[in-house]
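The values are calculated or read from the model by the stated rules, or taken from the named source; none is laboratory data. Being a predicted model, the structure only gives us computed values, none of them experimental. Every residue, glycine among them, receives a Cβ derived from its backbone with ideal geometry; neighbour counts consider all protein chains shown. The accessibility values were calculated without ligands, DNA or RNA, using every heavy atom of the protein model including side chains. Shrake-Rupley method; radii C 1.70, N 1.55, O 1.52, S 1.80 Å.
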Amino acid sequence: MANNSILVVGGGFAGITAALEAAEVGYEVFIVETNPYLGGRVAQLNQYFPKLCPPSCGLEIQFQRIKNNPLVHFYTMAEVVSVSGGPGAYDVKIKQRPRYVNERCTACGDCEKAARTTVDNEFEFGLCKRKAVFKTHSFAFPHRYVLDPKDIPADELSAIQAACPYEAIDLNDAEKTFDLNVGSIVYATGWKPYDLKNLDNLGSGKLKNVVSNMQLERLAAPNGPTSGKILRPSDGKAPKSIAFVQCAGSRDQNHLNYCSYICCMASLKHVSYIRKNYPDAKVVIYYIDLRTPGRYDKFKKRILEDDKLLLVKGKVAKIVEDKHKNPVVTVENAVTGIKSDETFDMVVLATGMQPTMSGQKQPFAGVDEDGFVLAAEDKGVVAAGCAKSPLDVMKSAQSGTGAALKAIQNVVGR
């Protein structure tokens, strides 16, 4: 029997947009998200351009739309295991990991206070630690804690459970599998930062004061590990000189062959973060081509008016550190031909956007050699957002709207 409901794989900005646009014209939608929260990479940003809005600005509106629409169902900590059937009649098996925290949770934080064990914080890209029971970020949706019981002593788990006044800690929670019957599938699985470990010449992620562009986002975020202060990870001191290395892993046949589209704009945005923190800091951007597509050219011109910002056309060959943990950048100026070693307090690598599905097998969705999803619209499968190609937030939202329309076209009349 034909089914007019739609599955959206991925609950980032594109996936949420696709789901809401379809639901608000009457189609039942199921969102499946692997993280404990909806919002994807946007939730990890400090601000997004060109208006430099905080992520809560756009996401809170989307979350309210989800709460108010009974046609939208979502499952966090979940993934697609298998897909069978065909257009209009897909049977999708979903696996959902246990959260160990039920709907009674009010996010009061008493459980976190009772926890002792700490591990690297994934949401903060390892810049700090988190407890075994945690809330990923201040505006997380759903607004509930998550318990990670792996390697946690029994007495600590008991203390965490006892600390909750609402009986929200459920140590008997278990993995669930269930089936969804849908007519069309939207893949909005998003992107991941290119792994610094792959960049041997740029320190392989081992140099303390060399951070990725997404790590800088978290350092600048008021709800981040340093409460919005951009500080050197090695000693917590304020940097007086910062370098940005563009195309760190992008446009490189040994890494990502393609341009990641937003890296130049992200670095220009980061200059505005730094200038807000440190009006007199020296900032240098090493670039191959400075790309600011479409209307973003005005943003670029505004940032480049900064007289303490220097742009150097040239590819960075390597980064090492001196005895004070200061990064030393070796670069050849493509205009003058002069090769030099420059020392900075901090370096930010503009790492590329790699599709989340790169290197992963996903049921039913085909991918190209880079890991981007190949749409199969004749089969009722649509790609959206950065699962399809590198995009900014605005274009991801537009892509989500387009995906919703295509998904509806796939199920109408079946």
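Brief remarks on what is shown
- Within the range 303-318, the residues that satisfy the criterion of being part of a strand (DSSP E or B) and either among the β-branched types (V, I, T) or in contact with a helix residue (DSSP H, G or I) (Cβ under 8 Å, 6 or more places away or on another chain) (or both) are L309, V312, V316, A317, K318.
- G203 falls short on exactly one of the conditions (1) touching a strand residue (DSSP E or B) at 6+ places or on another chain (Cβ under 9 Å); (2) open to solvent by 30 Å² or more (accessible area, probe 1.4 Å), and that condition is (2).
- Of all the listed residues (S267, S250, S260), the sole one being open to solvent by less than 70 Å² (accessible area, probe 1.4 Å), assigned to a helix (DSSP H, G or I) and farther than 20 Å from K325 by Cβ is S267.
- Considering the range 323-351, the residues that are assigned to a loop (DSSP other than H, G, I, E, B) and open to solvent by 50 Å² or more (accessible area, probe 1.4 Å) include one that is farthest from K269 (Cα to Cα), namely K323.
- Residue in the range 41-70 that is surrounded by the fewest Cβ atoms within 10 Å (Cβ to Cβ), counting only those that are assigned to a loop (DSSP other than H, G, I, E, B), at pLDDT 95 or above and out of contact with any helix residue (DSSP H, G or I) (no Cβ under 6 Å at 6 or more places or on another chain): P70
- Count of residues meeting criterion [open to solvent by less than 50 Å² (accessible area, probe 1.4 Å) and not in a loop (DSSP other than H, G, I, E, B)] in the range 92-110: 4
- Looking only at residues in the range 21-35 that are part of a loop (DSSP other than H, G, I, E, B) and of a type outside the set (A, V, I, L, M, F, W, C), the one that is farthest from P390 (Cα to Cα) is G26.
- Candidate set: the range 165-191, residues that are acidic (D, E) and more than 21 Å from G380 (Cβ to Cβ); chosen: the one least open to solvent (accessible area, probe 1.4 Å): D173
- Against the conditions (1) in contact with a strand residue (DSSP E or B) (Cβ under 6 Å, 6 or more places away or on another chain); (2) open to solvent by less than 10 Å² (accessible area, probe 1.4 Å), Y75 satisfies every one except (2).
- Evaluation of L38 against (1) in a loop (DSSP other than H, G, I, E, B); (2) at pLDDT 95 or above; (3) surrounded by fewer than 21 Cβ atoms within 10 Å (Cβ to Cβ) (one fails), failing number: (3)
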